[in-house]
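Everything below concerns the one structure shown next.
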Protein chains: 4
Amino acid sequence: MPIKIAIFGGSGYGGSELLRILLQHPHAEIAFVTANEHAGKAVSDVHKNLLGVTELRFIKAPENVEGLSDIDCAFFALPHGQAMDIAPKLPAQVKVIDLSGDFRLSDANVFAQHYGREHTAIDAQSQFVYGLTETNREVIRSATHIANPGCFATATLLGLAPLVANNLLSCRVIVDAKTGSSGSGAKAAPNTHHPQRSTSFYAYKPFTHQHVPEIEQELKSIGEWNNELVFMTHSLPVARGIFASIYCELKKEIEEIEARAMFTDFYRESFFVRLVEGSPDINWVKTTNFCDIGFATRGRQLVVFTAIDNLVKGAAGQAVQNLNLMFGLDEKTGLMLLGTNP
Amino acid sequence: MPIKIAIFGGSGYGGSELLRILLQHPHAEIAFVTANEHAGKAVSDVHKNLLGVTELRFIKAPENVEGLSDIDCAFFALPHGQAMDIAPKLPAQVKVIDLSGDFRLSDANVFAQHYGREHTAIDAQSQFVYGLTETNREVIRSATHIANPGCFATATLLGLAPLVANNLLSCRVIVDAKTGSSGSGAKAAPNTHHPQRSTSFYAYKPFTHQHVPEIEQELKSIGEWNNELVFMTHSLPVARGIFASIYCELKKEIEEIEARAMFTDFYRESFFVRLVEGSPDINWVKTTNFCDIGFATRGRQLVVFTAIDNLVKGAAGQAVQNLNLMFGLDEKTGLMLLGTNP
Amino acid sequence: MPIKIAIFGGSGYGGSELLRILLQHPHAEIAFVTANEHAGKAVSDVHKNLLGVTELRFIKAPENVEGLSDIDCAFFALPHGQAMDIAPKLPAQVKVIDLSGDFRLSDANVFAQHYGREHTAIDAQSQFVYGLTETNREVIRSATHIANPGCFATATLLGLAPLVANNLLSCRVIVDAKTGSSGSGAKAAPNTHHPQRSTSFYAYKPFTHQHVPEIEQELKSIGEWNNELVFMTHSLPVARGIFASIYCELKKEIEEIEARAMFTDFYRESFFVRLVEGSPDINWVKTTNFCDIGFATRGRQLVVFTAIDNLVKGAAGQAVQNLNLMFGLDEKTGLMLLGTNP
Amino acid sequence: MPIKIAIFGGSGYGGSELLRILLQHPHAEIAFVTANEHAGKAVSDVHKNLLGVTELRFIKAPENVEGLSDIDCAFFALPHGQAMDIAPKLPAQVKVIDLSGDFRLSDANVFAQHYGREHTAIDAQSQFVYGLTETNREVIRSATHIANPGCFATATLLGLAPLVANNLLSCRVIVDAKTGSSGSGAKAAPNTHHPQRSTSFYAYKPFTHQHVPEIEQELKSIGEWNNELVFMTHSLPVARGIFASIYCELKKEIEEIEARAMFTDFYRESFFVRLVEGSPDINWVKTTNFCDIGFATRGRQLVVFTAIDNLVKGAAGQAVQNLNLMFGLDEKTGLMLLGTNP
């Protein structure tokens, strides 16, 4: 029996990657995919990569979602602020995986501050498990609602989790994060205008990126976290990938080999975390669900480098990883998306 | 006495390049530069490359252009369809250089067909000289109104002019032209959305590009032109540059050395046309006013390759070249913009 | 029983893509992969995208290939001139798929002229079937040796085959072809030096590209071909993809709808050929085995646009498509490589 | 009387930019330019951007440099380790500007450790003034020998100098620096191979970049510097530009407006330092001699962002800025290289 899946918001890049993955997932069946402004169009008219691969058409989001009793799991890949209106109305047996920021933060005030809108379903938020698979694997297995992590949050948390779990961090932590242009979504905008973006590199949202509170909230659930977090996002002139350089000062000196051993141990069950020699490179993870991690050390200074594909491990891939766990499947199912060289 | 210059439409890429060039032109003084939606803003707020270089601010286009008697020359770098409303109202002594397509075509019907609007000042059109400097140099010297060529038209005409002048072409001519993304202008749009454009190459406007009629009109003024023109435009994943591959069948066999000699002769006075060994490369002309031309031959087949910067030789640079001629200056004045390696 | 596969030449981009595809092919088992200069290294040290996915190590090419009796199929992804020394020595039951140009041309003189070396195994050449799957499907099914087409040849032939088969072409045909930088292979070279290549577009090997003779040889086997072929290759500032603009003059006028119908008919059995509205775009075929084809028409002028991934449909993907046919499998097996948006 | 200039090492990117600038410098005359492997070739055969602009040809480096008494100033744009063999032999009246790392470090052991070779002319080093124009302007005016700063060092020092001069830094300073591919020089290499580099971002030389000691040496000359410097270099998939994100913890809280005022004051005489709103962007400084600086603050955390063109302000432009000062000219002479939008 396939898992019957609804995708709310299928025309953006998150939806695009959900479709790419779920169309080849051996246990998934896409019941419908919504895209209000493209309703009626073939999915392959929008995602032309899928021409010949699917006959699916976009539909308008159903008005009466309470009646969707034949759906097993609903993915939300809508802009922030929309899932909170729909998800709570779904029948109880429908599992939910939300790729937006709507249900990541437990504090309504923090949400309002970072997302610029009031939360209209904060009571429902407590049902949601934060879907960073590698740190929350067991609780995800029995979860019914997943708040899928932000892309920057994923890259940052996977680099910090072992250090926080081992209570090694002293002093402030600095995260210098860089993202490709697909992080801005599928709609054309001045900051993704090709003539300029292709020769640009710049910082944005200094200190104020909306992923900061989910990072800090999750770090506190992993271990002792009382450090100052300096989090800075930058724009890369490339389509896909996030690279985070995470600057830590530890409570004691550390050799690279020790750092590696600690991470190896922490991620023993985590197929999608790969520890690499030297620096990772976004080139080696693009279009895949891998998070590559490397290290540099000097005395008490440890720099952790992480690289992910922002749309896969940072969004749709991790969402499907969580789907797999929630439905009792191997977490790798449908996610053996091999990268390419070049 | 400097030449007093007005720029109508200074916030787009044509305006941007006019500003870059004219700010350093030894005989030009920019009286004002308009940009209705940025009126009041510093020019360097929009063109941040110019920060520290100019204190100019954008103004709204003056309502009463009839009164602009202290201006010597007005450049129009507005979207198609706007110069035709303003330019005819300027005082008689104001010279005009229009970078848009408004005054290039002598036939109002052809204009309407290719630009999707009626021409409202077709009578004024006859005042305009087509500003392809290399073929119309003498008439430009005494012109008062210039219709500056389109970027594709420039790259195509410079490759074909010597062949048409020498009446060598038989059979249809095929122009496979490719442009960088800045050709689409400064406004963000789906076709210049970085995540997709940076890995794209595609054809557009097959057979129907609006530069076709100005190419054919000008070829007829250069010599005998009765050939079929197959003109195809493509989009390159790079910001700047046009490359045209021009496939000709000649009335007789030709060696590369003969082609080169013919072009050398035709462009003897044309500093900005450079004949190169092998293929030109948009890399070597970017940000400059040069048009690089190369050849390949086999029997009666001659392929002419031309490369220009679409915004300089294809727009603002050629416009200033024409300004120089109209005001009795060396055509190179202010245009020794050296390219870079890399 | 899996198909036991040897890969000769696994460190280049052709080998890289063969590995990516064959590691997930449900009926393939890679017995060994050679790379003389990387012998002993993990495959994932060179193709870091494959880290965690395979434990394979490169070996030196076996000295005694005559003894490889446990291999079912050998792929050659070596530089031109090397497969001809090895392939003929393999045991008779080993099927061969050569991605290089060694066995594509039946005329030793033509080979010598285009590849700059003598052919040392021209007798063996007659065993080889030209592996353009869509035109040679039936003969490939029973073939033992495949000369896999060149990337430019694939893009060109798929655009021309229906027209030649229907004997529609009059006059010369012009192919303006453009390739991404991965077409130059995995070794760094001046023409792929990033600082320059990233802002370059230029023509190369005018009239003399080594894919020309295989195109003409194959066209003659498809139908009546007596036309002059003007074939021009250009370099794109992007990693992957080939786009060909193919300019045809037909014996009669044609509407786009007729062209489309003819191609639809010709490619009825060809899953990997997709006919698109408007222009294809390399963006939509990257990393896939698809060839997207579009049209523009005017009178007797027909322009066919084709887009492929040079390393997949233009090399490793088509090679596996042929493997599937030779071993009685569905040609799509292991090749449902979905592209991505973006 | 023009300044007679010799350029040792004119075929690399440093030489390329020196030529571009000096060919248009109103007081410079290039006496000769060397490039041993291109001796005899036209400069414009190598730097094809300069075709039509100069008739200069490369020569072999003169054997008897002691006799170069008609030269006023020698630039060295050679690989590290070569200037130290030649510069000390020049006649005393020849001023020297070395773009390599040979004469930046006063400690021979530190040099040997970071450059992997012994210093053969450490006695001559004391003649050299470190050519960071903005901090050493007065001493440069009377200098005869300039060690021109490294590109990363320039971007870092200009961001830190006002803070060190005001003795505001507490705790470690983290510099997350990113460079375009032209920083690797004009020779093709695996790390600049376009198919991979165009989709890459990675860290390299962690903690060990050779610019670290010159940064620390210079900071000590500017003020109190006892902080730990964590310096990390990364590779950007773009040709030109350096962006540094400099993370500082101050001894007291600071508002952005105060930071700005302090920098404004410090750089009051420095035309080429531009303080921008928000983040700088390498796009706005490319091909120019500007260093754009922006800020973000939170409590005692100050992040300084700097952006330069690595080949201009980070190499050839700053070298000419120093030339101007040494010869009593306005430091802007020949350096009004306006950037472009886009």
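Taking the helices alone, chain A has a mean residue ellipticity at 222 nm of -7500 deg cm²/dmol, built from -39,500 (n - 2.57) per DSSP H run of at least 4 residues and averaged over all its residues.
The dipole here belongs to the stretch A:3-126: it is taken about the Cα centre, uses +1 on the Cβ of Lys and Arg and -1 on the Cβ of Asp and Glu, and is about 320 debye. For the segment B:239-247, counting C-beta atoms of other chains within 10 Å of every residue's C-beta and taking the mean gives 5.
Per the rotation superposing chains D and B, the chain D residue found at the smallest beta carbon distance from the axis is D:287, 4, distance in Å.
Less than 5 angstrom separates the built amide H of residue B:228 from those of B:172, B:173, all sequence-distant by 5 or more or on a different chain.
Going 7 Å from Cα along the Cα-Cβ axis for the label, what nanometre distances separate residue D:144 from the same residue across the other copies? Computed spacing set for this position: 6.5, 8.2, 8.6 nm. Peptide D:166-173 is shielded by partner chain Cβ atoms: per residue, an average of 1 of them sit within 10 Å of its Cβ.
Exposure proxy shown here: for C:106, C:200, the number of other Cβ atoms within 10 Å sets the order, fewest to most, as C:106, C:200. Computing FRET efficiency as 1/(1 + (r/R0)^6) for residue A:37 and residue C:229, where r is the C-beta to C-beta distance and R0 is 45 Å, gives about 0.50. With neighbour counts taken as other beta-carbon atoms within 10 Å, the residues A:58, A:327 rank, fewest first, as A:327, A:58.
Loop sites by DSSP among the GluC sites (Glu not before Pro) of chain A, restricted to those with at most 15 other Cβ atoms within 10 angstrom, leave A:119-223 as the longest stretch without any of them. When exposed loop sites are taken as trypsin sites (Lys or Arg not before Pro) in a DSSP loop with at most 10 other Cβ atoms within 10 Å, the longest stretch of chain C clear of them is C:1-251. Only beta bridges with both residues in the protein assembly as shown are counted; by DSSP, about 50 percent of them are antiparallel. Between the C-alpha center of the stretch C:304-342 and that of the stretch A:276-294 there is a gap of 26 Å. Can you list, shortest first and in nm, the gaps between the label point of residue C:120 and those of its counterparts in the other copies, using a point 7 Å from Cα in the C-beta direction? Once sorted, the set of distances for residue C:120 reads 4.4, 7.5, 7.6 nm.
If you run the Gaussian network model on chain B, springs between alpha carbon atoms under 10 Å, then out of B:222, B:97, B:257 the most flexible one is B:257.
Listed by chain and number, the aspartates and glutamates placed with their C-alpha closer than 14 angstrom to that of residue A:178 are A:281, A:309, D:176, D:281; residues fewer than eight positions away on the same chain are left out.
The stretch A:208-271 and the stretch B:178-192 have Cα centres separated by 38 Å. Residue by residue along A:104-117, Cβ atoms of other protein chains within 10 Å of the local Cβ number 0 on average. The label-point distance for residue C:29 and residue A:60, in a model that sets each label 7 Å from Cα toward Cβ, rounds to 5.6 nm. What is the protein assembly as shown by shape, rounded, prolate or oblate, if you read a ≥ b ≥ c off the alpha carbon gyration tensor as root eigenvalues and call it rounded for a/c under 1.5, prolate for a/b larger than b/c, and oblate otherwise? In terms of gyration-tensor shape, rounded.
Sorted shortest first, the separations between the residue C:191 label point and its copies elsewhere in the assembly read 2.6, 2.9, 3.9 nm; each point sits 7 Å from Cα along the Cα-to-Cβ line. Each residue of the stretch A:319-333 was assigned a 3J(HN,Hα) from its phi angle through the Karplus expression (A = 6.51, B = -1.76, C = 1.60, θ = phi - 60°), giving 4, 6, 4, 5, 3, 4, 5, 5, 10, x, 9, 4, 5, 7, 3 Hz with x at Gly and Pro. Across the stretch C:118-123, computed HN-Hα scalar couplings (Karplus, 6.51 cos²θ - 1.76 cosθ + 1.60, θ = phi - 60°) run 6, 7, 9, 8, 5, 5 Hz from first to last residue, x flagging Gly and Pro. Cross-link partners of residue B:95 among aspartates and glutamates, defined as those whose alpha carbon lies under 18 angstrom from its own and excluding same-chain residues fewer than eight positions apart: B:29, B:66, B:70, B:72, B:85, B:123, B:138, B:330, B:331.
Put simply, the amide H of residue C:130, placed in the peptide plane, has neighbours under 5 Å in C:147, leaving out anything fewer than 5 places away on its chain. Go ahead and collect, in residue order, the members of the stretch B:182-212 whose backbone nitrogen is under 18 Å from a label point 7 Å along the Cα-Cβ direction of residue B:117. Only B:184-187, B:210-211 pass the distance filter.
Taken as Cα centroids, the stretch C:30-73 and the stretch A:115-159 sit 42 Å apart, rounded to the nearest whole angstrom.
Throughout, read-outs are computed from the coordinates displayed, never taken from laboratory work. Nothing here was measured: the structure is a model prediction, and the numbers come from that model. Quick reminder, even Gly has a Cβ in these numbers, built from the backbone with ideal geometry, and neighbours come from all protein chains shown.
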